[in-house]
């Protein structure tokens, strides 16, 4: 039987983030001995082949979440937790995990939730950096400035972190949400000694979240990846943006143009040009040579 939280010891682990991105903020995790005990006990009970059939895709996901191993891992936990959100790439093909694979996944989920509940309580704040869908989120903010909640893409099992600095390194926009610990299906960087080609895997305080719990986000929880200020400042007070924040908005505008998005409503057009005027004022004092490119992008987005 795998050990429970009561059997295990805690340690403090530093996320692998650039020290220049903020003060060191270690997070609580199981210590090395306890993490090893989790794996050894599962291996003794279920055998190395069965255990690796569950942990292998999980380890591979630490390198990339877009391969078939990620879909295999995701579908296993999707079935275990009865999640409605679709797996990545919309692949709904059924898999038939063995009872042993489901039992291993169930124990890892339970251990994750028990550990986080004891460490953080029943609710936990998580963060996610997004890139692919970030231009769409920006377009929604401009097109629907009066909305308080915005829909976001979430696959069945979605990566989040408990460290905002990590999220800032992974995306053009950072989302922050508070969720129930029961909605975390796995906390790999907290309970498992993950290895990548013999080395301890990159640790980024990662948790895997039930996609049904994070399908929308409030506007105040959509943040710049550098300052972590609410990004709706671009609508309310663009004159207060830092040059770095202006550059981040410019990047999103250019990406939105590449993806042929539209921000042609009257509110969106007004807000875009208002922000652009502020950018021009600031850029005159800074080394920013993309004014003409951004101007062209806004005209295209606005259908002018």
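The values are calculated or read from the model by the stated rules, or taken from the named source; none is laboratory data. Note that the coordinates shown come from a computational prediction; the quantities given were computed from them, not determined experimentally. Using ideal geometry, Cβ is built from the backbone for each residue, glycine included, and neighbour counts are taken over all protein chains shown.
Some points to look at:
- Any hit, segment 40-48, residues being at pLDDT below 80, surrounded by fewer than 14 Cβ atoms within 10 Å (Cβ to Cβ) and part of a helix (DSSP H, G or I): no
- Residue-level analysis places residue 276 among those that are surrounded by 19 or more Cβ atoms within 10 Å (Cβ to Cβ), more than 24 Å from residue 168 (Cβ to Cβ) and either without any contact (Cβ under 8 Å) to a residue 60 or more places away in the chain or not assigned by TED's automatic domain parsing to the domain that holds residue 124 (or both).
- Subset of segment 239-250 (residues that are crowded, with 16+ Cβ neighbours inside 10 Å and farther than 13 Å from residue 298 by Cβ): 241, 245, 246, 247, 248
- The combined condition, being on the phi > 0 side of the Ramachandran plot and modelled with pLDDT of 80 or more, is not fulfilled by residue 90.
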